[in-house]
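K.L.:
Let me begin by handing over the structure; questions about it come next.
The values are calculated or read from the model by the stated rules, or taken from the named source; none is laboratory data. What you see is a predicted model; the values in this text were computed from it and never measured. Cβ sites come from the backbone with ideal geometry, for glycine too, and all protein chains shown count toward neighbours. Side chains are part of the model used for accessible areas, which takes the heavy atoms of the whole protein and leaves out ligands, DNA and RNA. Shrake-Rupley method; radii C 1.70, N 1.55, O 1.52, S 1.80 Å.
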Amino acid sequence: MQLFRVLMFMVIKQGLYKWVFATLVLMAFSVGRAVAAPELSVLSPQELLVKEIEARVAVMQLAEESTRNNSRDLTQAVSTFYTQRQFRPVWNQAGRLDELIAALEALSEDGLSPEDYLVSQLRQAPPLVVDGSPESITRQADDDIRATNAYLRALYHLFNGKVDPAGLDPQWNFELEDLTLTSAGIFIAGGVDITPIADIFAKTRPQHPLYKNMREGLKRYRVMAAQGGWPALPAGPSLKPCVVDPQIAILRKRLTVTGEYVAPVLPIVIDGQQGLSPAQKCLGADAKFTATSSSSSAPSATEIYVGDVLAVEGGSSSSAAAEPTVAVGINPDEVFDEYLVEAVKKFQRDQYLEVDGAIGPATRAALNVSVQSRIDQIRVNLDRARWLLHNIPADMLLVDVAGFKVTFFKGHQPIWRSRVQVGMAYRTSPIFKSEVNYITLNPTWTVPPTILRKDVLPKVRKDINYLKEHNIRVLNSEGKELDPHSVDWSRPGNVILRQDAGADAALGKAVIRFPNSYSVYLHDTPHQKLFDKSQRAFSSGCIRVERALELVELLLAETPGWDQAAINQALDTGKTRNVTLAKRVPILLAYWTVDAASEEHIAFKPDIYARDPQVLAALNRTN
């Protein structure tokens, strides 16, 4: 009956030719079984199951042409898996299926959904006991192949990620590491009988510390979610240090949940003397606190006196002696004290916000991102990690686009790090890999077509002196210099604008080049003040590097004759010069929106190019 269903599917989907071909194959199986009927009748139930699995795999291989992409790969992997095992069943050993189910359920800790791996179906399967009846043999073959399908799919997703990055980003040129589904079938077919499934999964997922840290972060944020998450700050005006406001108590609780705020131990003792409390430091050195009892679960109220005058919320005051019955206490939790200010600054640094210790619109918005959204953000970046974090080169240049930074690694250790400026949201820096092959010192800059059309031409049409002020020459398509006044700037044709090298040139003193189809490179820049911004998406796609000459020196360290003195001497000439690296250095331009410096510390970056939702949707899509 199962074979009949496969044939009918192929008739509908693939047409008469494949139906005829499939029929012939089915007839061959039928004849073979008929001829061998006496032989089959004396086979043990286990041997009958092996024969059934072999027949099923043959039909799967035939039906493979009706599928494509990952489904086709998975079919081939299952076929390879069983072929390597001589079609012996896998999951009929005592406890083996339960072990697989437990390992699949634990994939939630990797941000994957266990239901993508048929966990509910596997859990409902009856015990794998073969009694030799045709119905039993058929069911056992179905169950074993279903479990193997889930097992291999999980291996592939753990190694290469569930989401196909090439399907989301046409610029993607990272090659996924060579654990195809087929090779997974070959590699794991033998060890699956004796190796704990959890151990196989543990060896398959990325071994990089970043991945481990993100998994631990996912656990912690799910615990936070189970405990109710964190409170949201209501809309309101900006909150600055030492302000007194009911929202401060909410802010304090919010940052306590995620760990930025840790309450100080009170009273504070300095040189054996009791010092001022955090609230007193804000409201005055002579402030006196008188705690009042409270039967509620909220923090107890506190009256704050400055001299003989009771300080009341909002800055007004009244005489405590004249009107003792209208005294209003101020809860110290509602005072924006120095400890809370430092907690806010830590939060702002982790969120790539301006670090001022105040609660403005951007900080308030980041504080109010829900715990579930943060869980989803970690899940998205775990899948990105599975794309990239296998066999990372020991020496490489890594550009963290969403983190606005570049790091140079030697022997897997970061030896240099700097801030960068990346492409604006509408002129995004592409994500790809290449190899740095040469450096240009004192570079000229040929204005790219997009920048020419959108930025430079409008300024030239407004004032032709813009060209002279910025040392820009006008060239024809053959490279011959033209008089700017001879060009019709309303219709300039195929002119080329090229800026001379110089202190104020757009590319600064050096360009770090690597082959790519996007005309993207790393370079120095005269726009140094922009590096002080927390979010630095200012360029037209290329990567501006702070302290670029330091990086140039590191990249040329293995190129004979190009030490710091030689570099400076070449720069002093003012002449453009290309220097080829003796040893190319791999470069990765990567995009992820979570930092995980340790198991205890997760930081969230802004999704500057709005790429997370698309990955999340694909991650949540049922296979």
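K.L.:
Search segment 272-288 for residues that are under 13 Å from Asp337 (Cβ atoms) and modelled with pLDDT of 75 or more and pair each with any residue that is of a type in the set (D, E, K, R) and in a loop (DSSP other than H, G, I, E, B) when their beta-carbon atoms are under 6 Å apart and the residues are at least 6 apart or on different chains.
P.N.:
Listed by first residue and then by second, the contacts come to Pro278/Asp337; Ala279/Asp337; Cys282/Asp337.
K.L.:
Any residue in segment 467-474 that is part of a loop (DSSP other than H, G, I, E, B) and under 16 Å from Val447 (Cα atoms)? Break it down into steps so the answer makes sense when it comes.
P.N.:
First, the residues of segment 467-474 that are part of a loop (DSSP other than H, G, I, E, B): 470-471.
Next, only the ones that are under 16 Å from Val447 (Cα atoms) stay: 470-471.
Looking through segment 467-474, at least one residue is part of a loop (DSSP other than H, G, I, E, B) and under 16 Å from Val447 (Cα atoms).
K.L.:
Okay, next question. Looking only at segment 434-450, which residues are open to solvent by 10 Å² or more (accessible area, probe 1.4 Å) and part of a strand (DSSP E or B)?
P.N.:
Ser434, Glu435, Asn437, Tyr438, Trp445, Thr446
K.L.:
May I pose another question? So which residues in segment 461-508 are in contact with a Phe, Trp or Tyr (Cβ under 8 Å, 6 or more places away or on another chain), open to solvent by less than 80 Å² (accessible area, probe 1.4 Å), without any contact (Cβ under 8 Å) to a residue 60 or more places away in the chain and closer than 14 Å to Thr576 by Cβ?
P.N.:
Within segment 461-508, just Gln499 meets the criteria.
K.L.:
Filter segment 75-91 for residues that are under 23 Å from Ala202 (Cα atoms) and over 33 Å from the mean Cα position of the chain (by Cα); which is surrounded by the fewest Cβ atoms within 10 Å (Cβ to Cβ)?
P.N.:
Of everything passing the filter in segment 75-91, Gln84 is surrounded by the fewest Cβ atoms within 10 Å (Cβ to Cβ).
K.L.:
What number of residues within segment 409-433 are open to solvent by 10 Å² or more (accessible area, probe 1.4 Å) and either in contact with a Lys or Arg (Cβ under 7 Å, 6 or more places away or on another chain) or in a strand (DSSP E or B) (or both)?
P.N.:
Adding up the residues that qualify gives 9.
K.L.:
I'd like to check something: does segment 423-435 contain any residue that is of a type in the set (A, V, I, L, M) and either at positive phi or at pLDDT 95 or above (or both)?
P.N.:
No, there is no match, as no residue in segment 423-435 is of a type in the set (A, V, I, L, M) and either at positive phi or at pLDDT 95 or above (or both).
K.L.:
Scan Arg220, Arg252 and give me the residue that is open to solvent by less than 60 Å² (accessible area, probe 1.4 Å), basic (Lys, Arg) and within 24 Å of Gln348 (Cβ to Cβ).
P.N.:
On inspection, the qualifying residue turns out to be Arg252.
K.L.:
So the check is Cβ under 6 Å with 6+ separation or different chains; which pairs have a first residue in segment 323-346 that's modelled with pLDDT under 65 and a second one that's open to solvent by 20 Å² or more (accessible area, probe 1.4 Å) and among the aliphatic types (A, V, I, L, M)?
P.N.:
Note: pairs meeting the criteria are Val328/Val312.
K.L.:
Just give me the residues in segment 534-561 being without any contact (Cβ under 8 Å) to a residue 40 or more places away in the chain and either open to solvent by 70 Å² or more (accessible area, probe 1.4 Å) or not in a loop (DSSP other than H, G, I, E, B) (or both), in sequence order.
P.N.:
Within segment 534-561, the subset without any contact (Cβ under 8 Å) to a residue 40 or more places away in the chain is 553, 557-561.
Hits for segment 534-561 are Glu553, Ala557, Glu558, Pro560.
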